[in-house]
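*Asks:* Quick one: the structure is below, and I'll ask about it shortly.
The values are calculated or read from the model by the stated rules, or taken from the named source; none is laboratory data. All values derive from a computational prediction rather than experimental measurement. As a convention, Cβ positions derive from the backbone with ideal geometry for all residues, glycine included, and neighbour counts pool all protein chains shown. Accessible surface areas use protein heavy atoms only, side chains included; no ligands, DNA or RNA. Shrake-Rupley method; radii C 1.70, N 1.55, O 1.52, S 1.80 Å.
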Amino acid sequence: MVRRVAVVGAGVSGLAATKCCLEEGLEPTCFEQSENIGGLWHYTDQAEEGRASIYRTVFTNSCKEMMCYSDFPFPDDHPNYMHNARLQHYICKYAEHFNLLQHIRFKTLVTKVKKRPDFSVTGQWEVVTRRDGKEETAVFDAVMICSGHHVYPNLPLAEFPGIQKFKGCYFHSREYKEPEKFRGKKVLVIGLGNSGCDIAVELSTVASQVYLSSRSGSWVMSRVWDNGYPWDMLVITRFRTWLGNILPRALSDWLYVRSMNRFFKHENFGLMPLNRTSRKEPVFNDDLPSRIACGVVVMKPNVKEFRETSVLFQDGTVQDDVDVVVFATGYSYAYPFMEDDSIIKSRDNQVTLYKGILPPRLEKPTMAVIGLVQSLGPIIPTADLQCRWAVKVFQGQCTLPPVSEMMDDIDEKIGKKLKWYGNSTTLQTDYITYMDELASAIGVKPNVLKLLLTDPQLALKVFFGPCSPYQFRLVGPGKWSGARRAILTQWDRTLQ
């Protein structure tokens, strides 16, 4: 019987894990190395070792109706997209509301997680922690890893010849906090992800010139979509997912490219993705096209080499007098506390997880990795549903197929990733398809046809409206009495 559960990290995933354990009568102990909850969303003036780091002006890319915990809507008066400080306040309110703080041990670093000698019988883990220089070892029946994947910066300097000769300053975007000290400088930002675009746009208000270098281009979307509504309330719907699945691929690709180009033609702005039909996660930035149009951000191809004060690009152009280089080159995920790294990376040093959560080769399914997926949907409801599924697996209420079938399922998903995203190792997945897969397994997926007969008004909102998190609280275990009303009033809160 699983009773005691160790939760590593008190960010949005760790809090969901702690709450799910409590709801199912388990005893969670959540270990957090800092002195605050919120993980990525807890802003600090300096980047801290072993912790995710954000810049001062980060706003959410998902709107409040789509990104809330599924049984805890945002207050009506909150804006649709939130500054990190406001989201952090919401996360604190969530922790207070569900009495989660008493289960968190702050300033406690998990240094080792290893199987006990009798693991094949008990499924138990030994968890070693350090607090105030003192080490402590405890035994847990299950472990939920919620440490996130924005902690270890990926700084591929080997791919940039001559960087050692460069006399200006360079650093990873993780170190960036605010623009003022770059006033009047020429700055090169490398990487066309959300951070790279945000930083380039923000620096363009103070720098003498900003160059934004991209290897493969990207679709750029605005948070504000048709008629001024939030993009995700219009795009992330069951109807659109159903349509995408039944249409021929060529037509689906054509519609996708057309919708991405609806506000501006990407190739005119030097942003066109090399693989235009790839469903790689778009970048969300409302200002980048206008900054390019104003000439304060100049798009550049990949860097060929660095010189002492200049940069040579792949197209043969040279940019002189570059003062600063910001590497917005993303993160690599690592679990330094895992004694046996092959538990999570069980094949070719790649993360191999059943349903993106469970290491498939464990003798007993008592470990879950939460939040290690990316989709065009928000992470909070995704992590919440992952936790609900994982806890059911721990308790034996959600039966797993044999290892061979789990591996086949993983292989099939890898094939789909290649087809949709052009990369088999990406963490990306389709939001609604993934959520429904987890929801079906634990009996919380809404049945649209049944709703059509019993509650047609709700059925139409569920199918044609935004696939908001409340949909996964309508039925089954963890059902929330406020879910129906939250769905019927979501547009009112959006307009407010």
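*Asks:* Rounded to the nearest 500, what is the 222 nm mean residue ellipticity of the chain from helices alone, with -39500 (n - 2.57) per DSSP H run of 4+ residues and division by all residues?
*Replies:* Mean residue ellipticity, 222 nm, calculated: -9000 deg cm²/dmol.
*Asks:* Sorted by accessible area with a 1.4 angstrom probe, largest first, how do Tyr211, Tyr170 fall?
*Replies:* If we order Tyr211, Tyr170 from most to least accessible, we get Tyr170, Tyr211.
*Asks:* Hey, any idea what % of segment 1-143's accessible area is carbon plus sulfur with a 1.4 Å probe?
*Replies:* Carbon with sulfur: 47 percent of the solvent-accessible area.
*Asks:* Can you give the FRET efficiency for Tyr229 and Ser481, using 1/(1 + (r/R0)^6), R0 = 22 Å, r = Cβ-Cβ distance, to the nearest 0.05?
*Replies:* Given R0 = 22 Å and the Cβ-Cβ separation, E is 0.20.
*Asks:* So, one more: In Å², and per residue, what accessible area does the chain have when probed at 1.4 Å with the other protein chains present?
*Replies:* Spelled out: the 1.4 Å probe surface of the chain, per residue, equals 44 Å².
*Asks:* How much of the calculated P(r) for segment 310-424 lies past 26 Å, in percent of all Cα pairs?
*Replies:* 35 percent
*Asks:* Report the label-to-label distance for Glu339 and Asp118 in nanometres (one decimal), using points 7 Å from each Cα along the Cα→Cβ vector.
*Replies:* 1.6 nm
*Asks:* Just to confirm the filter: which GluC sites (Glu not before Pro) across segment 12-60 are DSSP coil and have at most 10 other Cβ within 10 angstrom of their Cβ?
*Replies:* Within segment 12-60, the qualifying GluC sites (Glu not before Pro) (loop, at most 10 other Cβ atoms within 10 Å) are Glu35, Glu49.
*Asks:* Ok, one more. What is the gain in length, in nm to one decimal, between Arg215 and Thr309 on full extension, counting 0.36 nm per residue of separation less the C-alpha to C-alpha distance?
*Replies:* Length gained, Arg215 through Thr309: 31.7 nm.
*Asks:* Using the beta-carbon distance between Leu251 and Thr44 and R0 = 56 Å, what value does 1/(1 + (r/R0)^6) give for FRET efficiency, to the nearest 0.05?
*Replies:* E(calc), rounded to 0.05, equals 0.70.
*Asks:* Another question about this same structure. Could you pull out the pairs from Lys364/Lys450; Lys304/Lys419; Lys355/Lys479; Lys181/Lys265; Lys115/Lys280 whose alpha carbons sit more than 26 Å apart here?
*Replies:* Over 26 Å apart, Cα to Cα: Lys364/Lys450; Lys304/Lys419; Lys181/Lys265; Lys115/Lys280.
*Asks:* Turning to a different aspect of this structure: Give the accessible area for Ile414 in Å² (nearest 10); use a 1.4 Å probe, count only protein heavy atoms, and leave out ligands, DNA and RNA.
*Replies:* Approximately 60 Å² for this residue.
*Asks:* Can you spot the lysines whose alpha carbon is less than 22 Å from Lys107's alpha carbon? Ignore those fewer than 8 places along the same chain.
*Replies:* Lys19, Lys93, Lys134
*Asks:* For the pair Asn447 and Leu243, how long in nm is the line joining their label points, each one 7 Å along Cα→Cβ?
*Replies:* With each label point 7 Å from Cα toward Cβ, the separation is 2.8 nm.
*Asks:* Which of the three applies to segment 244-360, rounded, prolate or oblate, going by the alpha-carbon gyration tensor with a ≥ b ≥ c and a/c under 1.5 meaning rounded?
*Replies:* oblate
*Asks:* A further question follows. In whole Å, what are the extents of the chain along the principal axes defined by its C-alpha atoms, from largest to smallest?
*Replies:* Principal extents (largest minus smallest coordinate, Cα): 66, 59, 45 Å.
*Asks:* First measure r as the distance between the Cβ atoms of Glu363 and Thr489, then evaluate 1/(1 + (r/R0)^6) with R0 = 35 Å and state the FRET efficiency to the nearest 0.05.
*Replies:* Computed FRET efficiency for Glu363 and Thr489: 0.15.
*Asks:* Let me ask something additional. Would you kindly find the accessible area of Ser53, with a 1.4 Å probe and non-protein molecules such as ligands, DNA and RNA excluded, rounding to the nearest 10 Å²?
*Replies:* 10 Å²
*Asks:* For the chain, what proportion of DSSP beta bridges, expressed in % and rounded to the nearest 5, is antiparallel?
*Replies:* 40 percent
*Asks:* Mind jotting down the distance between the C-alpha centroids of segment 26-93 and segment 400-478, whole Å?
*Replies:* 25 Å
*Asks:* For the chain, which cysteines have no disulfide-compatible partner, meaning no other cysteine Cβ under 4.7 Å?
*Replies:* Flagged as lacking a Cys partner: Cys21, Cys30, Cys63, Cys68, Cys92, Cys146, Cys169, Cys197, Cys294, Cys398, Cys467.
*Asks:* Contour minus end-to-end for Thr111 and Ser259, with contour as 0.36 nm per residue of separation and end-to-end as the Cα-Cα distance?
*Replies:* Length gained between Thr111 and Ser259: 48.6 nm.
*Asks:* In whole angstrom, how far apart do the alpha carbon centroids of segment 285-315 and segment 171-218 sit?
*Replies:* Each part's Cα centre sits 9 Å from the other's.
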